[in-house]
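Have a look at this one.
The values are calculated or read from the model by the stated rules, or taken from the named source; none is laboratory data. Quick caveat, the model's predicted, so the values are computed rather than measured. Reconstructed Cβ throughout: ideal geometry from the backbone, glycine too, with neighbour counts over all protein chains shown. The area values use the complete protein model at the heavy-atom level, side chains included, leaving out ligands, DNA and RNA. Shrake-Rupley method; radii C 1.70, N 1.55, O 1.52, S 1.80 Å.
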Amino acid sequence: MSSATVRRSDILLAGMLIAGTTLYLCGLPRNLGASDEGAYLYESKMLLEGRVLYRDVFEIVAPGFYYVTAALFWLFGATMATARTETAVLHGLIVAGIYATCRVVGVRRTFAAPFALVYPAFIQPAWPYASPHWVSTGLSVALALILVRRRGNRALLAGVSAGLLIAVQQHKGVVFTGGVALLFLIDHWVTGDRALVSARLARFVLGVMLIVVPVTIMLMLTTGPVPAIQALVTQPLTNYRTFNRTIWGSIAFADIQVLPSAYLHLFRDLPLITVLAVATLFVDGRRRSVPRIHNVLTLSCLSVLAMLSIANYPDFIHIAFIAPLFLILLAELVEWLVGRAPGLMRRLASPAVCLAVLVAVLIQLRANWAEAWSRFPVTLDTAFGRIDLGAADAAAAVQLRERLGAARAAEFFIYPGYPALYLITGVRNATPYQLILPGYSPKAQLDDVIAILDRRRVPYVLLVSVLTRTDDPVVASVTRAYDYVADFDTSARLVLYRRRDTR
């Protein structure tokens, strides 16, 4: 079989993986995430309506995801269908990227495709929401594919990928950018070719600058330096860093995803794959292959960089965001093991591994589908299109929407945050903050919220009481100026207040 035929077969199979993953995920419930997803999508919608990021809409994440999502909302409509289709296509591309990287490092097609499908079955369900994290996942897989190909102007393309990572999630982008530059320096140390490494580094830096410089200029022209630095540098390195802490692989939010809890414990063991892959290089002895050494070391270094990039909060969800790099290494490791088996065993092992992985994937995909629809059985028509909710959340959303509609409220505020309700009700946030809490947010922002509520005489405030304390300054301000209206029967314990001087 010619190499051109092989390439066509791989392209066809990659296209089928993209289409199959996209169609499957588009068929799942459109269950809008209450917190992070609600904030990401609401803020993207606000950009479409003319608000300025980091000034009118506060966020601590780089702007790439928001601008792309706002553009898609402009093209196809600001609805949940657009958001979930965007995310489904992204996951399809990630699956294809995993497959392509596996093929480039020498994994046979009958292993590469099943292992790529492990991603939508066992990894994506850990956080089944639209998120900049998944964009970073896709870019890290693209970076792996570029670095293992060793053809074309890979340094420039790697720089562009790293620059895009910075534009989507600045902390991850900085870690990967520094790490890849170090990889090029290691190449110099191994090869001793100073001119080669200098040219690679120059092209890599150029690729990064092609993305970072225009984004920086745009931020300076729209937001200004002070708000941008406060949002993207100061607060992530101070308040966020001290407020959000956990241990590797912790399971604090196991009730919001569809995977069985037993599977979640496996996420924290993923680094063992890197250790085993590197160990095989020593087992090979005289049979060592220079391309395999390069591939394993490159993928292993990227997996270490990925771990460093989530060191600020390494719970099982954030491990899921970097899991595809370990999945590629696992596929390569299985290929190596099967390749070392005796002839008959090797011929039997290949179809057995393929079948076993495919069966596990199909069983889990079916289980994920059933679990998701059982959790979100109620379809609600909202200002953000059709959204699927649990029964209690749907009832609360309807009651809140009716109360705000009867009062003709143009704005309200949810504290400390439940941004999905801004999208569901169609009533805008009176403040720039979708998520705000003492400790997580500077005191100046808490004071700003209190001042806005008083100055604008915001008619309604919804307290997520499960996340608040009686000594909270915003809660104290609300209870002084607002009257209790209603409780909504959800696990989040939502309490609605109305301002006294708006009756």
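I'd like to know how the stretch 238-381 sits against the 2.2 N^0.38 Å rule of thumb: what's its Cα Rg over that expected value?
That works out to 1.31 for the stretch 238-381.
Compute the normalised compactness of the stretch 54-150: alpha-carbon radius of gyration over 2.2 N^0.38 Å, N being the residue count.
Output field value: 1.24.
Rounded to whole Å and ordered largest first, report the semi-axes of the equivalent ellipsoid of the stretch 336-404 derived from its Cα gyration tensor (root of 5λ).
Largest first, the stretch 336-404 gives 50, 10, 8 Å.
Right, something else. How would ASP315, ASP448 rank on accessible area, largest to smallest, probe 1.4 Å?
Working: ASP315 5, ASP448 50 Å².
Greatest to least solvent exposure: ASP448, ASP315.
Which peptide among 100-106, 418-424, 461-467, 172-178 comes first, and what is the full order, when sorted by highest mean count of other Cβ atoms within 10 Å?
Those peptides, ordered most packed to least, come out 418-424, 100-106, 172-178, 461-467.
Moving on. For the chain, what is the accessible area per residue in Å², given a 1.4 Å probe and the full set of protein chains?
Here the per-residue accessible area is 44 Å².
So how far, in whole Å, is the C-alpha centre of the stretch 417-448 from the one of the stretch 107-186?
Answer, in whole Å: 32.
With a 1.4 Å probe and all protein chains left in place, how much of the accessible area of the stretch 425-503 comes from carbon and sulfur atoms, in whole percent?
Ligands and nucleic acids excluded, carbon and sulfur give 50 percent.
Another one. Name the residue farthest towards the positive end of the dipole of the chain from the options PRO416, ALA19, LEU348, assuming +1 on Cβ of Lys and Arg, -1 on Cβ of Asp and Glu, about the Cα centre.
The one lying farthest along the dipole's positive direction is LEU348.
Would you compute, for the Cα atoms of the stretch 292-359, the largest minus smallest coordinate along each principal axis and list the three values in descending order, in whole Å?
48, 31, 10
Taking H as built 1.01 Å from N, whose amide H comes closer than 5 Å to the amide H of VAL52, not counting residues under 5 places away?
Those lying under 5 Å, H to H, from VAL52 are VAL57.
Quick check for me: using +1 on Lys/Arg Cβ and -1 on Asp/Glu Cβ, what's the dipole size of the chain about its Cα centre, in debye to the nearest 20? Each step should come with its number before you reach the end.
Numbers: 46 positive and 31 negative charges, 291 e Å.
Using only the charged Cβ atoms, the result is roughly 1400 debye.
With bins 5 Å wide starting at 0, give me the P(r) of the stretch 361-503 over every alpha carbon pair, in whole percents.
2, 9, 18, 21, 18, 12, 8, 5, 3, 2, 1, 0
Moving on. Read phi for every residue in the stretch 235-242 and hand back ³J(HN,Hα) as whole Hz from Karplus 6.51 cos²θ - 1.76 cosθ + 1.60, θ = phi - 60°, with x for Gly and Pro.
So the J values, rounded to whole Hz, are 5, x, 8, 10, 4, 4, 5, 7.
Another one. For the stretch 133-179, compute the orientation-averaged projected area of the C-alpha convex hull (one quarter of its surface), in nm². Mind dumping the intermediate values first?
Values: hull surface 11.1 nm².
Seen from a random direction, the Cα hull of the stretch 133-179 projects 2.8 nm² on average.
To continue, here is another question. For the chain, count all C-alpha to C-alpha pairs, find those more than 35 Å apart, and express that count as a whole percent of the total.
Working: 47261 of 126253 pairs.
Of the Cα pairs, 37 percent sit more than 35 Å apart.
OK, next. Using θ = phi - 60° and the Karplus form 6.51 cos²θ - 1.76 cosθ + 1.60, what ³J(HN,Hα) does each residue of the stretch 156-161 get, whole Hz, x for Gly and Pro?
5, 5, 4, x, 4, 4
VAL95 accessible area, nearest 10 Å², 1.4 Å probe?
Looks like 0 Å² after rounding.
Using a 1.4 angstrom probe on heavy atoms only, work out the carbon and sulfur share of the accessible area of the stretch 87-211 in %.
71 percent
Can I ask one more? Pick out, from VAL283, PRO314, PRO236, the residue whose Cα sits farthest towards the positive end of the charge dipole of the stretch 224-335, with +1 on the Cβ of Lys and Arg and -1 on the Cβ of Asp and Glu.
Farthest along the dipole direction, towards plus: VAL283.
I'd like the Karplus ³J(HN,Hα) series for the stretch 386-396: coefficients 6.51, -1.76, 1.60, θ = phi - 60°, whole numbers in Hz, and an x wherever there's a Gly or Pro.
After applying 6.51 cos²θ - 1.76 cosθ + 1.60, I find 6, 10, 9, 9, x, 4, 5, 5, 5, 4, 5 Hz.
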